[in-house]
Ligand SMILES: [Fe+2]
């Protein structure tokens, strides 16, 4: 049986029997989830959790930054029990509102993929990397560092998604590792290359497929999705040289709000996200990477496996990627 067979009872039972259930006032058991992750991506997983536990998950979908702002406004009055964010910056912003998670949950996740104070865990990993047109660029023409994308030789050939959360986190990491002056110089170089400005990572891929651009820095998991529906989709991906900031490893992640009125259910949900079932789903069906160190059979068709991505990633502490407002302001100054 292929690993894609996701929700076997055997896998689920182990992770879900740990915490007890609480009945809410309506006689059913429920929890409210704020999800910055898109519905098509996570709905199948949430439904599996509901089927197995009998707990109803009321989901409010929205942009990660938008939901993080909402949580700030709502404070202790928020109906949310769990916040599932696309990026670490939003988790850092929300951290003061999170409770400390039990070690039974945090211990499942590799230390590099969780909060140093135990208030959030990564739920899946994603690597930044290079996508390009294999028709218009030979391997020898490719930049070996992210810095090189700002080289004038790539003028008119880049696609950039300046407001995308992963791009913002990436520039935040660039500021951390190389300083503000270097990050700003890089943004100036990118702007001088007159990139095609698009909304998100998907649109970057499409821009290359449509011939509007030849290369872009993006997240690893999109190409697998495109190739799953069209094996001839004319985009390829590769990483920069080992340790380059262009190979940054990021996470989507989640935490439990201190104000949650059903913490046992919230803990069961978090436990589920770190379970082999969920980790296999992120890896096998969504083409992201596991965060729990378990060995998972990769099904991605697009090429950069987890071991390679992890080995090539620069050393950046995700806990430190918190100044998203400052980073966004810097980006807006140069790319619009
Ligand atoms: Fe994404």
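The values are calculated or read from the model by the stated rules, or taken from the named source; none is laboratory data. Computed from a prediction, not measured in an experiment: that's the story for all the values here. As a convention, Cβ positions derive from the backbone with ideal geometry for all residues, glycine included, and neighbour counts pool all protein chains shown.
Structural remarks
- Taking the criterion of being modelled with pLDDT under 95 and in contact with a strand residue (DSSP E or B) (Cβ under 9 Å, 6 or more places away or on another chain), the residues of segment 164-199 that qualify are 164, 165, 166, 167, 169, 170, 173.
- Inspection of segment 123-133 finds a residue satisfying the criterion of being over 23 Å from the mean Cα position of the chain (by Cα) and more than 16 Å from the ligand (Cβ to nearest atom).
- Only residues that are part of a loop (DSSP other than H, G, I, E, B) and either surrounded by fewer than 20 Cβ atoms within 10 Å (Cβ to Cβ) or at pLDDT 85 or above (or both) were counted across segment 288-336, and they come to 23.
- Within segment 175-197, not a single residue is within 16 Å of the ligand (Cβ to nearest atom), in contact (Cβ under 8 Å) with a residue 40 or more places away in the chain and not assigned by TED's automatic domain parsing to the domain that holds residue 79.
- Residue pairs whose Cβ atoms lie under 6 Å apart, sitting 6 or more positions apart in sequence or on different chains, and linking a residue in segment 145-167 that is closer than 18 Å to residue 333 by Cα and in contact (Cβ under 8 Å) with a residue 40 or more places away in the chain to a partner that is in a loop (DSSP other than H, G, I, E, B) and more than 16 Å from the ligand (Cβ to nearest atom), are 159/213; 160/195; 162/335.
- Total residues in segment 154-174, condition within 16 Å of the ligand (Cβ to nearest atom) and in a loop (DSSP other than H, G, I, E, B): 4
- Flag: residue 235 matches the condition of being within 16 Å of the ligand (Cβ to nearest atom), over 26 Å from residue 325 (Cα atoms) and buried (at least 21 other Cβ atoms within 10 Å of the Cβ).
- Checklist (1) closer than 22 Å to residue 91 by Cα; (2) within 16 Å of the ligand (Cβ to nearest atom) applied to residue 228, failing item: (1)
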